[in-house]
1. Could you list 289, 343 so that the one with the fewest beta carbons within 10 Å of its beta carbon is first and the one with the most is last?
2. How much length would be gained if the chain were fully extended between residue 58 and residue 391, taking 0.36 nm per residue of separation minus their Cα-Cα distance, in nm to one decimal?
3. Going by how many other Cβ atoms sit within 10 Å of their own, how do 397, 111, 336 line up, fewest first?
């Protein structure tokens with residue numbers, strides 16, 4: 001499968017883009033024909049295979065004076081990979097253009113495309129973005145996870161109680177379920193996994209996405225295309241005329257889309273939507289900031305799933321240690337018995353010496369019943385909602401994270417490196433401020 005489209009230069013170019021020439025030359029159709037005659041497709045395949053074996057989600061290619069710097073993203077972090085010599089760099093960039101069917105005549109224009117890389121076990125869709133850097137290009141390859149790996153919500157990291165809440169509310173005939181979190185928190189994965197719990201062949205399911213990550217059977221998926229005036233709102237407006245039972249929105253960024261989604265949920269549709277927000281209470285305020293009246297939110301919301309991702313410790317090399325007194329206080333503040341020991345990252349061949357392998361979600365799952373819906377309709381503040389959620393026994397993300405620390409799934413350092421209200425620069429944890437904001 002191949003697909004390409006031109007991108008507006010102002011959409012993609014970084015503000016501090018270098019304009020000086022590098023030693024690389026721009027590529028021409030002549031060089032492509034030589035490459036095709038020699039059948040040199042091996043370099044790209046080797047790169048894809050190695051990246052996939054290392055569980056990479058992204059590959060970044062950047063020009064440097066002596067060639068092309070290759071870096072990969074694994075478990076959310078960037079890792080060095082290799083620096084290709086100039087000749088090999090030129091070959092690789094040509095192979096990417098050929099595979100993606102990008103126009104060789106547009107060497108100074110940002111371009112986007114997609115191709116399918118075939119391996120022994122499965123086909124992987126790869127989304128490509130190329131931007132001009134001087135006389136050469138910088139490239140991002142996004143390896144899209146196949147849908148088969150996203151269908152089981154039990155693999156996302158939900159605790160037993162949270163999973164029960166999610167399943168119970170997905171069986172309702174209508175309502176709004178929000179999946180909230182920062183960029184890179186796994187919201188799209190959760191959205192697709194939640195959708196897969198429905199009998200999609202037995203209902204009318206539609207989605208508006210920016211972009212469509214991959215095709216899901218039995219869902220009519222519409223992609224935002226601002227160049228052709230297909231905005232998120234226009235897509236929603238059209239999809240609601242198609243008699244949908246399930247509407248997916250990924251993700252809500254403007255007021256018209258937010259209001260339309262909330263009203264659809266209030267009008268007997270089931271709506272799954274993603275939103276940028278740090279926690280469940282902030283998600284309510286974010287919707288209201290996007291002009292959704294509190295009264296509609298209170299009546300349509302069923303569940304808010306706030307989430308983030310943390311790396312999982314490599315079980316082959318993790319090592320145990322005792323908690324210090326300050327760390328014990330953190331567990332005690334949330335009325336959790338501090339574990340005797342916790343695990344920290346080591347490093348071995350299995351995890352490439354990083355100490356972590358894979359990621360899991362940490363969640364705050366809040367079920368909105370009649371009473372909480374009334375409180376939301378009355379315009380309660382973020383702080384008031386957090387305290388109400390706590391009184392109802394709903395766990396915060398840090399509580400879920402600390403349980404995963406106690407169970408040896410992740411490290412305490414990994415949890416505290418996330419941003420929490422009351423943190424200093426996202427690293428130092430202020431127990432007093434956090435306790436005041438979250439524990440009441």
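Readers should treat all values here as calculations from the given coordinates under stated rules, not as data from a laboratory. What you are looking at is a predicted structure, and each value in this text was computed from that prediction instead of being measured. Because the Cβ atoms are built from the backbone with ideal geometry, glycine has one as well, and the counts that use them run over all protein chains shown.
1. On the way: 289 11, 343 22.
Ordered from fewest to most neighbouring Cβ atoms within 10 Å, 289, 343 come out as 289, 343.
2. 115.8 nm
3. 336, 111, 397
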